[in-house]
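What follows is a short report on a single structure.
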Amino acid sequence: MKLSKRVGLLLFYATITVSIIISSIYIFIYNKLSESSVEIIINYKIIFIIILFLTVISNALIYNFINKKIIKRLKDTEDIIEKAIDKGLSEEIKNNNPKEQDEISNLTDEITNITDKLINTENYLEKETNNYSNLLNIMSNSFIHLKAIVDEEGNYIDGIVIDINYAASAFFCQEREKIINKKFSELYEEYNIDKENIVSVLKRINRTKSECITKELNIIGDKWGVISIYSLNEGYFSIIINDITDIKKHSEELTYLANYDTLTNLLNRYNLFEYLIKLIKNEEEFSIYFIDIDDFKNINDTLGHNTGDEVLRIVADKLLSLKYTFNMDSINKITVGRLGGDEFLVVKKGKDSIREIKNLANEIQRILYEEFEIENNTFNLKASIGISSYPADGDNVFTLIKYADISMYRSKEEGGNKNKVFSEEMLEEINMQSSLSSAIENKEFEVYFQPIYDVTKEKIVGAEALTRWNKEEGIISPAKYIPLAKKTGDIIKLDEFVLEEACKCCNEMYKLGEDEFKVSINISYAAIKQNNFIEKLVKIITKEKINPKSIKLEITEDEIIDNIDFTVGILNKIRNLGFQIALDDFGVGYSSFNYIKILPLDTLKIDRSLLKSLENDRKTLSIIETLINLSHTLGLNVVCEGVEISSQLELLRKINCDSIQGFYISKPIDFNSFKYFIIDFNNIERSE
Ligand code: C2E
Ligand code: MG
Ligand code: MG
């Protein structure tokens, strides 16, 4: 029963009881009064009845007052509390709170306050719990809260899952309810999580101190996560798994892109270099085969880039097949990569002999040549290969690749489809090539003169101007730098320089009275084909006041062969100006009689290679004799080169050779020496 009801009833009974007691007292007194005199009795009885009446009335009023003032308000307060508790609203209490400040109001206020606080705390807790689970659930990281399982020493060895968030149930692909109450060990056994690593992290946890240990682990299958284990209050810990599978995949893709060639899946330049650096660090011997597909540009240009790409993929497969070509050993010994474009690199570990290197290079060429088809187009690829070896050719990757590249270019220069092993000479050439141009400007070249002896007149009638390169390390032979100068185009400048020096020589000869003296200069096709070659020629001899007939231009067959008509045209013009023309080195190469016929020539120079076997070989003598006779018929005079001994001269004299040039008379010598030589030889009277 409510307190207000109980108080109400108590009050009611008390009022009734008081009324009855007072009434009884009055009735008793009233009865006592009836024995007294009549008037007094009558007066007192009336007073008693009035007092009794007033007493009952006052009792009723007191009851009413108490009921109204206390019990009803008590009931109101009770109702308010009840309602407030039901609704959980403290406002209700405040709104209905009676205004009067008395003890009951104070009591009510206090109760209201306490209730308020309780409700607030309850609301706060409920809100916080909601916030906490919302927060956990919106977290993209998996959260698992566990009660620790400890070993005898008190180390955490496992845990029982007491809460997880959505992300965790998604991560494990299981509903929350199925994971709750599971042992963590059951999870990592079920999901093949790296148990050892997790247990080792758990053991490291300080039970008494809150801390976090983080580790990157392969969690489930190909899923990766950064696991952070937090120890909280003793006996509990939480695990947060940050799913880094995508990041890991992405970074693996990036690593792949950084290390592999996306078109062929071979190692790329970066990875190849890393691999070679590692081999060098381990002092493992190896050879690298720098492969460039011949005419690949043509495939791209004519069949399109898609076909080009497909060809490169097939090349990659072919090169990879080398791993299985020789023996099981080659699987580990051979590594293939793509440097870019149509350039591939094969690395073969081990110290190989030249024969073994050549074998592999030939095998590469063979497999590349093996026929294949792409969209009805048949391919037989050819490749140029350059090879360098560690440690023989260099001790660092860049040098080794550069040398293999140089050798590969050498193969290309020789027409492609070849393989070349790097040699020091190649390097020498490269260095020479790069310093050639500046050497001409720096006047490092000097012109030597080799006398030409007239067999009939028995005197020196001319000389061949031959260049020498004076380098710090000594004189370099033209056989080394002339082919390079032709390749780089520097030969044009060199030939001009020789022409100027030849003119100076002629002037000196004029001074010695040798007006018929002729200086032969070797002129390259590159110089002749210049648009302004004739102007230059004329300009130089005019400046030096030289008669054109004193200059003989030597041309070689192999240089003019492709442009014979043009050469005939220009030589005619030059010859018409009074210059003389000689065909040099006849007897090597084509040695076509046709050229002797069609070229506007004055002289035929028979190469010294023909003279080598002159004495013991009657056939050679007959050939030279025929050549001399033919030349004479065509109005040409003949110079035989490379005469080293007197018997050669005597034989040549017998077959009517006009002139000779060779060590028998003199080696090429510098101009001053030549000047004294001719004065001596021709018995020229010195003016000084
Ligand atoms: P070449 O025009 O046939 O010159 C003759 C070469 O034979 C010279 O070699 C000369 O030293 C060599 N020789 C002459 N007599 C003998 C002999 O009796 N025995 C032997 N073993 N060799 C002899 P060199 O000076 O080394 O010149 C080689 C070639 O270089 C020349 O062959 C010429 O084609 C070219 N050359 C030299 N200087 C120039 C130049 O300034 N311009 C151009 N375009 N070519 C040049
Ligand atoms: Mg010559
Ligand atoms: Mg010659």
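Nothing in this text is a laboratory measurement; each read-out follows from the coordinates by a stated rule. Just so it is clear, the structure is predicted and the values come from calculations on it, not from any experiment. Here the Cβ positions follow ideal geometry from the backbone for every residue, glycine too, while neighbour counts run over all protein chains shown.
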Report task. Rank Asn547, Gly569, Ile534 by how far each Cα sits towards the positive end of the charge dipole of region 530-570 (+1 on Lys, Arg Cβ; -1 on Asp, Glu Cβ) and give me just the farthest. Result -> Asn547
Requested in this report: Amide H neighbours of Glu554 under 5 Å, at least 5 residues apart or on other chains, H built in the peptide plane: list them.
Outcome: Ile521, Asn522, Ile523, Ala582
**Report entry** Cα-Cα over 20 Å, subset of Lys443/Lys493; Lys518/Lys605; Lys493/Lys518; Lys333/Lys358; Lys480/Lys536; Lys278/Lys348
**Finding:** Lys493/Lys518; Lys480/Lys536
Query - Where labels lie 7 Å past Cα in the beta-carbon direction, separation of Ile162 and Thr17 in nm - result: 5.6
Query raised in the report: Over the chain, what is the mean sequence separation of C-alpha contacts under 8 Å (at least six apart), divided by residue count, expressed as relative contact order in percent?
Result: 6
Query raised in the report: Does region 431-681 come out rounded, prolate or oblate, given a ≥ b ≥ c as the square roots of the eigenvalues of its C-alpha gyration tensor, rounded meaning a/c under 1.5 and, failing that, prolate meaning a/b above b/c?
Result: rounded
Query raised in the report: For Leu232, Leu11, what ranking results if the residue with the fewest other Cβ atoms within 10 Å of its Cβ goes first?
Result: Leu232, Leu11
Report summary line: For region 320-368 the trypsin sites (Lys or Arg not before Pro) that pass both the DSSP coil test and the at-most-15 other-Cβ-within-10 Å test are Lys351
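Cα-based Rg of region 260-422 per 2.2 N^0.38 Å, rounded to two decimals?
0.98
What list do you get for Arg176, Arg410 if you sort them by fewest beta carbons within 10 Å?
Numbers: Arg176 15, Arg410 21.
Taking fewest neighbouring Cβ atoms as first place, the list is Arg176, Arg410.
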Query raised in the report: Could you give the distance between the Cα centres of region 458-472 and region 280-308, to the whole Å?
Result: 46
Report task. Evaluate the charge dipole of the chain about its Cα centre and quote only its size in Debye, nearest 20, assuming +1 on the Cβ of each Lys and Arg and -1 on the Cβ of each Asp and Glu. Result -> 1900
Report task. Any lysines with Cα under 23 Å of the Lys72 Cα? List them, leaving off those in the same chain fewer than 8 positions away. Result -> Lys2, Lys5, Lys83, Lys87, Lys94, Lys99
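If we count other beta carbons within 10 Å of each Cβ, what is the order of Asp617, Asp243, fewest first?
Details: Asp617 12, Asp243 18.
By the 10 Å Cβ count, ascending, the order reads Asp617, Asp243.
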Requested in this report: First select every other residue whose beta carbon is under 14 angstrom from the beta carbon of Asp342; then total the charges, Lys and Arg +1, Asp and Glu -1.
Outcome: -2
Report summary line: Honestly the chain on the Cα gyration tensor test (a ≥ b ≥ c root eigenvalues; a/c under 1.5 rounded, otherwise a/b vs b/c for prolate or oblate) is just prolate
**Report entry** DSSP bridge pairs, the chain: antiparallel proportion in percent, nearest 5
**Finding:** 70
Query - Span from the region 427-453 Cα centroid across to the region 350-372 one, whole angstrom - result: 38
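Among all helices in the chain defined by DSSP H, which have a length of 27 Å or more along the axis from Cα atoms plus a Kyte-Doolittle mean of at least 1.0?
Numbers: long enough: 3-33 (44 Å, 1.34); 38-66 (41 Å, 1.98); 103-138 (51 Å, -0.74); 491-511 (30 Å, 0.04).
Going by DSSP H runs, the hits are 3-33, 38-66.
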Query raised in the report: Where a ≥ b ≥ c are the square roots of the eigenvalues of the C-alpha gyration tensor, would you call region 402-490 rounded, which needs a/c under 1.5, or, failing that, prolate if a/b is larger than b/c, or oblate?
Result: prolate
Query - Set of lysines with alpha-carbon distance to Lys178 below 18 Å, sequence-local pairs under 8 removed - result: Lys147
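Write down the percent of antiparallel bridges among all DSSP beta bridges whose residues are both part of region 431-681, to the nearest 5.
About 40 percent, rounded to the nearest 5.
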